[in-house]
Amino acid sequence: MLKVIVTSNHIDWTYEVYLKKSTNEKNIPKLINFVLVSALLTNCESQDKIKNLKGFEVSTDSITIFLKSRMDSLNIPGLSIAVLNESKVVYHETFGYANIQEKLPVTDKTIFEGASISKSVFASFVMKYVEEGKLDLDKPLFEYLRYPDIEYDERYKKITARMVLSHRTGFPNWRENEEDKKLKIKFDPGTAYEYSGEGYQYLAKVLKNIEGSDWNGLETSFQNKIAKPLGMKHTVFIATTHIKKNKAQPYNNQKQWIDWKNNYWYQKDKGVFVSSSSIHSEPIDFSKWMIAIMNNKLLSEESYHELFKHHSTISTLASGMNVYYTLGFITADKPYHTTYFHGGSNDGFTCYYLMDIAKKWGYVLFTNSENGEKLGDDVWNYFEKEY
């Protein structure tokens with residue numbers, strides 16, 4: 001008897017093959033190959049239907065048709081997506097081009113910029129420091145590290161990590177968006193909500209100081225505390241040579257190539273751990289982090305309580321439903337109170353992820369387009385249909 005183990009969608013399948021005494025040993029490798037192919041085909045067939053967010057079955061063929069249609073209408077060159085059922089990847093596909101000019105297709109090795117979904121991952125990274133007793137969510141950050149850029153305003157001494165992660169610092173998103181290009185505090189810290197990458201970057205500077213290292217040292221800390229424990233081999237905040245080699249090219253919403261080497265933000269952020277926007281990843285790797293969050297792995301129960309707690313009201317919809325920012329995540333009132341999501345937009349890259357931690361359901365998509373967040377919304381609507 002010969003046992004062959006096949007791994008598919010994180011499940012080990014054991015196949016027992018009974019050999020005749022007369023079986024020629026030279027034919028065993030061919031037999032193993034036949035079993036592997038047959039097993040994989042069988043497992044693929046078992047995934048021709050998956051469950052949507054409402055629990056209804058939807059065919060993978062219809063998902064593919066929908067995605068291709070929306071890519072065409074939104075002028076999206078390339079897409080990579082993964083869908084999770086019961087905390088497992090049940091659908092993973094790549095479409096289009098990573099490089100239009102050279103006709104290079106998106107593959108399972110293609111890397112994308114994750115833009116603002118960095119914030120959710122960074123928040124979980126921050127909680128590691130909290131658990132280790134190296135950072136207090138409610139201790140003013142200036143006590144860890146003075147910030148010369150804003151010392152002219154004494155109110156900055158009120159800013160805490162909790163305020164940063166929930167966008168309550170009073171900082172603008174980026175100082176470059178201000179008329180005078182200076183960092184400023186627009187309201188008393190802790191009293192209101194304003195989305196701010198500047199706040200997140202101040203906290204990244206604090207962590208770097210806690211580590212007593214440079215930006216590469218903070219990247220190493222991220223790898224050791226988050227990426228490596230979860231088996232995320234292709235997720236980084238500072239791009240490596242491998243990441244750059246496999247990275248998709250960026251395009252605007254008219255599929256026009258963006259000259260990234262001469263892009264302001266690329267020049268500014270090169271070699272920097274930008275906590276709010278510089279994560280690079282792909283769906284299978286990113287889904288490992290989502291699965292850990294869904295299953296309360298990696299962090300303590302108390303840490304998840306802090307991460308998911310409502311800290312800021314972003315908006316109130318016409319229906320009366322409130323949308324909230326937690327520590328690094330967006331959520332809402334019922335029926336979405338167990339749903340956490342975030343989009344991301346950098347020049348030439350947009351993405352989206354959503355997970356329902358109660359249903360263990362989710363999806364993540366990356367694009368080399370500026371319309372990927374719109375696609376993320378469309379995919380959410382698609383997966384909420386009641387068939």
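Run ILE357 past the list (1) surrounded by fewer than 24 Cβ atoms within 10 Å (Cβ to Cβ); (2) under 13 Å from the mean Cα position of the chain (by Cα); (3) among the hydrophobic types (A, V, I, L, M, F, W, C) and report the number of the one that doesn't hold.
Unmet for ILE357, out of (1) surrounded by fewer than 24 Cβ atoms within 10 Å (Cβ to Cβ); (2) under 13 Å from the mean Cα position of the chain (by Cα); (3) among the hydrophobic types (A, V, I, L, M, F, W, C): (2).
Is the stretch 287-303 home to any residue that is at pLDDT 95 or above, within 26 Å of TYR129 (Cβ to Cβ) and of a type in the set (Val, Ile, Thr)?
Within the stretch 287-303, one or more residues are at pLDDT 95 or above, within 26 Å of TYR129 (Cβ to Cβ) and of a type in the set (Val, Ile, Thr).
This table checks each residue for (1) in a strand (DSSP E or B); (2) touching a His at 6+ places or on another chain (Cβ under 7 Å); (3) not hydroxyl-bearing (Ser, Thr, Tyr).
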site	(1), (2), (3)
ILE76	no, no, yes
LEU79	yes, no, yes
LEU84	yes, no, yes
HIS92	yes, no, yes
PHE95	yes, no, yes
ALA98	yes, no, yes
GLN101	no, no, yes
THR107	no, no, no
GLY114	yes, yes, yes
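Only one of GLY372, GLY348 is of a type outside the set (A, V, I, L, M, F, W, C), open to solvent by less than 10 Å² (accessible area, probe 1.4 Å) and within 15 Å of the chain's Cα centre (by Cα). Can you tell me which?
Details: GLY348 fails: within 15 Å of the chain's Cα centre (by Cα).
That would be GLY372, the only listed residue that is of a type outside the set (A, V, I, L, M, F, W, C), open to solvent by less than 10 Å² (accessible area, probe 1.4 Å) and within 15 Å of the chain's Cα centre (by Cα).
Of everything in the stretch 305-328 that's under 17 Å from the mean Cα position of the chain (by Cα) and under 17 Å from VAL130 (Cα atoms), which residue is most open to solvent (accessible area, probe 1.4 Å)?
Initially, the stretch 305-328 is screened for residues under 17 Å from the mean Cα position of the chain (by Cα), giving 307-308, 325-328.
Next, from what is left, pick out any that are under 17 Å from VAL130 (Cα atoms): 307-308, 326-328.
Values: LEU307: 0, PHE308: 27, THR326: 0, LEU327: 0, GLY328: 0 Å².
Within the stretch 305-328, the match that is most open to solvent (accessible area, probe 1.4 Å) is PHE308.
When only residues in the stretch 66-118 that are touching a residue at least 40 places away in the same chain (Cβ under 8 Å) and of a type in the set (Lys, Arg) count, which is least open to solvent (accessible area, probe 1.4 Å)?
Here the answer is ARG70.
Please enumerate the residues belonging to the stretch 139-182 that are on the phi < 0 side of the Ramachandran plot, crowded, with 19+ Cβ neighbours inside 10 Å and free of Cβ contacts under 8 Å to residues at least 60 places away in the same chain.
Hits for the stretch 139-182 are ILE150, TYR156, ILE159, THR160, ALA161, MET163, VAL164, THR169, PHE171, PRO172.
Considering TYR324, TYR353, which residue is free of Cβ contacts under 8 Å to residues at least 24 places away in the same chain, closer than 25 Å to THR169 by Cβ and not in a helix (DSSP H, G or I)?
Numbers: TYR353 fails: free of Cβ contacts under 8 Å to residues at least 24 places away in the same chain.
Result of the check over TYR324, TYR353: TYR324.
Can we say ASN224 is under 22 Å from the mean Cα position of the chain (by Cα) and assigned to a loop (DSSP other than H, G, I, E, B)?
Numbers: under 22 Å from the mean Cα position of the chain (by Cα): yes; assigned to a loop (DSSP other than H, G, I, E, B): no.
No, not satisfied.
The values are calculated or read from the model by the stated rules, or taken from the named source; none is laboratory data. Treat the numbers as computed from the prediction; the structure is a model and nothing was measured. Cβ atoms come from the backbone with ideal geometry, glycine included; neighbour counts cover every protein chain shown. Each accessible area value is taken on the protein alone, full model and side chains, heavy atoms only, with ligands, DNA and RNA left out. Shrake-Rupley method; radii C 1.70, N 1.55, O 1.52, S 1.80 Å.
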